[in-house]
1. What FRET efficiency comes out for the pair M93/I33, r = Cβ-Cβ distance, R0 = 22 Å, nearest 0.05?
2. Using 7 Å Cα-to-Cβ label points, what is the M141/I121 separation (nm, one decimal)?
3. Over segment 52-142, what lengths in whole Å, largest first, do the semi-axes of the equivalent ellipsoid take, defined as the square roots of 5 times the eigenvalues of the alpha-carbon gyration tensor?
4. Could you work out how far apart the two model spin labels at D49 and I64 are, taking each label as a point 7 Å from the Cα in the direction of the beta carbon, and quote it in nm?
5. Using 7 Å Cα-to-Cβ label points, what is the F103/T57 separation (nm, one decimal)?
6. Could you line up V126, V110, V30 from fewest to most neighbouring Cβ atoms inside 10 Å?
Amino acid sequence: MEEITQSLNSEQQESRKPRPLGLSILLIFVFTINIFLLVILTYSFFSADLLQETIQTYLRHNVISLKTVMITTGIGAMIAAVSLIGIILMWFMRRLGFYLFVFGQIIFIVALLFGFRSFDILNIIVLLFIITLIGMYLKIMK
């Protein structure tokens, strides 16, 4: 019985592809950004009035209520947490992690590009890193 268990474990280890160095670097980068985003969103949830003033100066033509800011920030924090769980699972080369990460990132990209219409250089660079990470992980999943 032990021999069967050992052979199954060795087959699973052989079938699992190693994580390339470039993917590891991108995962660390995205993990750091996602932790930073989660901290900012959590802090913003508890100081929603300051965030409301900041958003109001950015979107001058629209009136943003405090309730809207709190709901949006709370949802953003939950999506960042799901994305963070996905990154951790991706580090361990789990397919579910990839799907969780992509789900969270697509929502953030749609919110940035269409909701806030934020097309500055930093958002474009982060978007390129995310697309590169998704592409590299898809290549390994095949």
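1. Values: r = 21 Å, r/R0 = 0.93.
E(calc), rounded to 0.05, equals 0.60.
2. With each label placed 7 Å out from Cα toward Cβ, I get 3.3 nm.
3. Working: eigenvalues 175, 49, 13 Å².
Here the semi-axes work out to 30, 16, 8 Å.
4. So the two model labels end up 1.7 nm from each other.
5. Placing both labels 7 Å beyond Cα along the Cβ direction yields 3.7 nm.
6. Numbers: V126 18, V110 10, V30 22.
Sorted ascending by nearby Cβ count, the order is V110, V126, V30.
Taken together, the values in this text are just the output of simple stated rules run on the coordinates, not laboratory data. Quantities reported herein were computed from a predicted structural model and do not represent experimental measurements. Heads up, the Cβs are rebuilt from the backbone with ideal geometry, glycines too, and the neighbour counts pull from every protein chain shown.
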